[in-house]
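Down below is the structure, laid out as structure tokens.
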Amino acid sequence: MQPQLYAHSRSSQSQLRHTLEDHLRGTAALARGFGEVFGAGEVAEYLALVHDVGKGCTAWQDRLVHHAEPYGKPVGVPHKGAGAELVDRFVGRPFAAAVEGHHGGLPDLQALAAVLAKVKAAGPEGVQAREALQSVAQVVPEIVRDRRVPLPQWLSGLGADRMRLGVDLLVRMLFSCLVDADYLDTEAHFTGAPVRLAAPVDMGGLVKRFEERRSAFLRGRATTPVAHLRERVYQEAVAAADGEPGMFVLHVPTGGAKTLAAGGFALHHAAAHGMQRVIVAVPYTSITEQNAKVYRDLLDPPRTGNETPVVLEHHSSVEIDEDDDVSEWARLTAENWDAPFVVTTTVQLFESLFARKPSAMRKLHRVAGSVIVLDEVQALPDRLLIPILSGLRDLVEHFGVTVVLASATQPEFWSLPEMQGVPKHMVVCDTAALFEQLRRVEYEWRLGEDVTWDSVAEEIAADGGPQVLSIVNTTKDAAHLHRLLKERISGKVVHLSTRMTGGHRREVIEEIRADLRDGAPVRVVSTSLIEAGVDVDFPRVYRAWAPAESLQQAAGRCNRESLLPGLGTVVVFRPSDGSQPNDGVYKSALQATELYFGPDLATPDDLDSLRSYYGKRYAYLGSGGRPMGEDVESARRGLDFPEVDKLFQMIDNQHARPVLVIRENGAAEEIEADVAALRDPYGRLKDLSGVFRRLQPHIASLPRNEVDDALKVGLAEPVVGDLVLWLGRYDSERGLEPEHPEDRSAYQI
């Protein structure tokens with residue numbers, strides 16, 4: 001009689017080991033359910049059924065019982081190759097990567113081939129794999145099949161190029177099904193609890209709750225001149241939600257209640273088409289927090305009851321109290337997005353799509369059968385547009401996804417080859433008329449050679465009024481203009497830039513909003529971080545010369561509620577002594593802006609000119625498209641998962657490093673404890689996600705060469721990876737300034 005085979009050591013709850021048969025069958029059942037959402041249930045089930053077959057050999061079983069279990073150490077016997085070989089035989093070589101990578105991450109095909117060669121050879125790994133296969137087949141005979149596992153039919157209907165990309169995405173989705181199922185089944189064994197799965201969502205019930213609370217919210221708001229237009233936008237969005245799943249564009253002027261319209265469309269569309277969740281992704285953490293609060297207020301059950309939350313807020317800065325039941329739900333649910341409504345960042349979404357590690361990709365299969373709202377879509381980086389649009393297209397065409405591209409400044413994505421042939425559905429139809437009706441500003445131009453920072457500061461001080469916002473392009477210019485205004489204005493002048501910690505910036509933004517509500521004087525100097533999605537309303541805005549979408553987004557912070565007797569004023573200026581980011585894509589955008597916008601040309605809210613601008617901007621980047629992410633797409637075609645992961649970085653950290661700052665706000669002991677945890681040589685064995693979350697509000701950003709200089713002279717010290725702890729001065733208004741801030745050359749950006 002064959003001895004019992006085990007997959008995991010004893011549970012502290014039951015004191016029983018996890019049998020290998022139970023683990024393989026339990027994981028397979030879960031994976032099948034996940035894969036059925038996108039028509040790949042059978043292949044997902046098979047990958048899970050064989051993923052741990054290698055544990056069936058005598059060497060692995062002995063090490064589990066006599067080494068791993070008593071001493072808490074890894075088994076140390078390879079166990080993935082046997083299952084990978086079965087997948088290679090019965091599904092196909094690319095899909096074997098999912099089994100081989102289910103612990104360490106998806107390999108490239110060359111590394112996979114090397115593993116399979118060892119498994120098939122006469123050496124120790126081959127002997128163990130064949131023994132494991134023979135042993136496991138006695139209790140799970142279906143691991144050996146009489147025919148190949150069928151793949152989704154849509155794959156065979158693609159041309160060669162798109163088929164390779166389709167295989168890449170299918171492997172990623174199946175890998176996600178496998179690792180999530182593996183985690184959940186293993187977790188259930190060790191906790192002694194049932195497998196942690198959310199109950200089926202009543203999307204119709206969520207729609208009803210959303211509509212009722214939205215109506216109550218609007219009744220409690222003061223009526224503004226634009227309220228009826230916002231209501232029109234919302235009703236059009238709800239009507240459009242009955243349309244068939246696909247690619248939708250929500251083009252609404254700033255201040256047009258885009259957040260409510262996008263959420264309403266997504267929920268109604270999901271309910272109409274039996275979709276499982278809504279995922280709202282935005283480019284900036286500050287907007288994520290803002291939107292998450294809105295959606296929680298409209299969708300979450302009362303916290304006094306026992307009902308599970310609806311809205312998961314998942315990004316690096318979300319604060320989680322480990323002792324709070326709701327926060328514990330958020331911590332666990334963030335691992336795999338098993339929630340009806342997810343608010344996250346575009347970084348989380350797309351870096352999960354193009355990652356290779358199980359922890360990053362575990363949630364990916366939850367994207368299938370969902371509505372994805374990409375808010376502030378103009379902020380997607382040009383340098384990665386090709387893989388982003390290609391991935392979105394495949395999600396829509398093959399994985400049951402509806403995508404909503406939402407922005408006041410809609411890029412012309414359909415001018416790019418990746419979107420050719422994709423139907424484009426408008427959520428709001430007469431966009432031009434809506435923009436005209438919601439016109440709230442007029443533009444003035446200061447583009448002559450005589451314009452300097454001094455002249456701009458003089459004008460703001462003399463004519464800007466008591467409430468004025470100035471937006472500039474670099475932290476160097478922000479600090480300089482802030483100093484010039486402080487010299488000229490006796491009232492409140494505040495500063496915002498990434499040289500301030502995230503928590504410091506949030507404090508200042510709340511102060512600004514309070515001053516605006518109270519009618520108090522406040523002059524603000526900010527980098528572009530304030531112009532996309534931050535809900536502030538100034539009567540006058542100054543914007544340094546920038547790409548057209550930035551000019552239009554800045555205008556969205558002016559006369560937002562149409563409360564002025566006339567139009568607000570946006571002054572676009574180009575100081576001769578100003579600076580610009582040293583970035584090729586940015587320069588291409590500036591070149592295109594100069595062709596279409598200015599005193600004798602169009603204003604930034606002219607939709608025809610914006611369409612022409614985007615076409616020219618993309619053309620400047622080269623007809624080959626390489627600067628737009630073709631290198632990533634090429635690696636995807638070659639199924640080089642590690643290379644894709646390396647190349648696809650939404651946040652370009654080439655020129656900047658994170659800097660941890662201990663401000664005088666009583667958090668020193670907690671920060672120092674977290675720093676110690678990060679420096680612990682055994683910290684890599686712990687879950688440090690909570691540490692990084694807690695530290696996020698205390699992190700600012702500096703150019704790499706400034707950080708290098710600070711390290712050399714003892715003004716900073718390394719923590720872990722790129723993160724450094726700041727030991728130098730932190731200005732209470734401007735954050736991390738050079739030691740001699742009056743010398744503008746001291747700044748690197």
**Fill in**
Applying the gyration tensor rule to the Cα atoms of region 388-536 (axes a ≥ b ≥ c; rounded if a/c under 1.5, else prolate if a/b exceeds b/c, else oblate), the class is prolate
**Complete:** One finds, for Ala433 and Arg164 with R0 = 35 angstrom and r their Cβ-Cβ distance, a FRET efficiency to the nearest 0.05 of 0.20
**Hull volume in cubic angstrom per residue (convex hull over the Cα atoms of the chain)** = 172
**Prompt:** Of Lys293/Lys646; Lys293/Lys616; Lys120/Lys646; Lys476/Lys587; Lys486/Lys712, which ones are farther than 26 Å apart at the Cα?
**Reply:** Lys293/Lys646; Lys293/Lys616; Lys120/Lys646; Lys486/Lys712
**Complete:** Scoring the chain by relative contact order with C-alpha pairs under 8 Å, at least six apart, yields a percentage of 13
**Message:** Tell me the angle of helix 502-518 to the major Cα principal axis of the chain, expressed in degrees between 0 and 90 and rounded to the nearest ten.
**Reply:** 40
**Prompt:** Using modelled backbone amide H atoms (1.01 Å from N, in-plane), which distant-in-sequence or interchain residues come within less than 5 Å of Leu702's amide H?
**Reply:** Arg657, Val659
**Item:** Gained length - Asp463 relative to Asp450, 0.36 nm times residue gap less alpha-carbon distance
**Value:** 2.9 nm
**Prompt:** Taking Lys73 as the anchor, which lysines have their alpha carbon closer than 19 Å to its alpha carbon, excluding any fewer than eight residues away along the same chain?
**Reply:** Lys55, Lys686
**Asked** Val37: net charge of surrounding residues, Cβ under 11 Å, Lys/Arg +1, Asp/Glu -1, itself excluded?
**Response** +2
**Request:** Calculate, in nm to one decimal, what Met426 and Asp146 gain on full extension: separation in residues at 0.36 nm each, minus their alpha carbon distance.
**Result:** 95.9 nm
**Message:** If packing is taken as the average count of other Cβ atoms within 10 Å, what order do 513-526, 92-105 fall into, highest mean first?
**Reply:** 92-105, 513-526
**Asked** How big is the charge dipole of the chain about its Cα centre, in debye rounded to the nearest 20, if each Lys and Arg gets +1 on its Cβ and each Asp and Glu gets -1 on its Cβ?
**Response** 1280
**Asked** How high is the FRET efficiency from Asn582 to Thr304, r the C-beta distance, R0 56 Å, rounded to 0.05?
**Response** 0.55
**Request:** Show that you can apply the helix-only estimate: for the chain, add -39,500 (n - 2.57) for every DSSP H stretch of four or more residues, divide by all residues, and state [θ] at 222 nm to the nearest 500.
**Result:** -14000 deg cm²/dmol
**Message:** Using a Cα-Cα cut-off of under 13 Å, which aspartates and glutamates could be cross-linked to Lys363, ignoring same-chain neighbours fewer than 8 residues away?
**Reply:** Asp180, Asp182, Glu335, Asp338, Glu351
**Prompt:** Once you sort the root eigenvalues of the Cα gyration tensor of region 421-486 as a ≥ b ≥ c, which label holds: rounded (a/c under 1.5), prolate (a/b larger than b/c) or oblate (the other case)?
**Reply:** prolate
**Request:** Please give the length that would be gained between Arg219 and Val127 if that part of the chain were fully extended, namely 0.36 nm times their separation in residues minus their C-alpha to C-alpha distance (nm, one decimal).
**Result:** 25.8 nm
**Prompt:** In degrees, nearest 10, range 0 to 90: what is the angle between the Cα axis of helix 285-299 and the longest Cα principal axis of the chain?
**Reply:** 70
**Asked** Given +1 on the Cβ of Lys and Arg, -1 on the Cβ of Asp and Glu, and no further charges, what dipole in debye does region 324-481 carry about its Cα centre, rounded to the nearest 20?
**Response** 960
**Request:** Based on the mean of other Cβ atoms within 10 Å per residue, sort peptides 386-394, 726-734 so the most packed one is first.
**Result:** 386-394, 726-734
**Request:** With a point put 7 Å past each Cα toward its Cβ, work out how far Ser11 is from Glu630 in nm, to one decimal.
**Result:** 5.4
**Request:** Give me the percent of DSSP beta bridges within the chain that run antiparallel, rounded to the nearest 5.
**Result:** 20
**Message:** Taking R0 as 41 Å, what FRET efficiency do you get between Glu244 and Leu723 from their Cβ-Cβ distance, rounded to the nearest 0.05?
**Reply:** 0.30
**0 to 90° range, to nearest 10: angle between helix 81-90 axis and the chain longest Cα axis** = 90
**Prompt:** All other residues with a Cβ under 15 Å from the Cβ of Glu125 taken together, and with Lys, Arg as +1 and Asp, Glu as -1, what is their net charge?
**Reply:** +2
**Message:** If Rh is defined by the Kirkwood formula over all Cα pairs and Rg also comes from Cα, what ratio Rg/Rh do you get for region 324-468?
**Reply:** 1.11
**Request:** Determine ³J(HN,Hα), in whole Hz, for all residues of region 111-127 in sequence, where each value follows from phi through the Karplus function 6.51 cos²θ - 1.76 cosθ + 1.60 and θ = phi - 60°; x replaces Gly and Pro.
**Result:** 5, 5, 4, 5, 5, 5, 5, 5, 5, 8, 7, 8, x, x, 5, x, 4
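None of the figures in this text is laboratory data; all of them are computed from the coordinates on show. Bear in mind the structure is a predicted one, so any value in this text is a computation, not a measurement. Neighbour counts run over all protein chains shown; Cβ positions are idealised from the backbone, glycine included.
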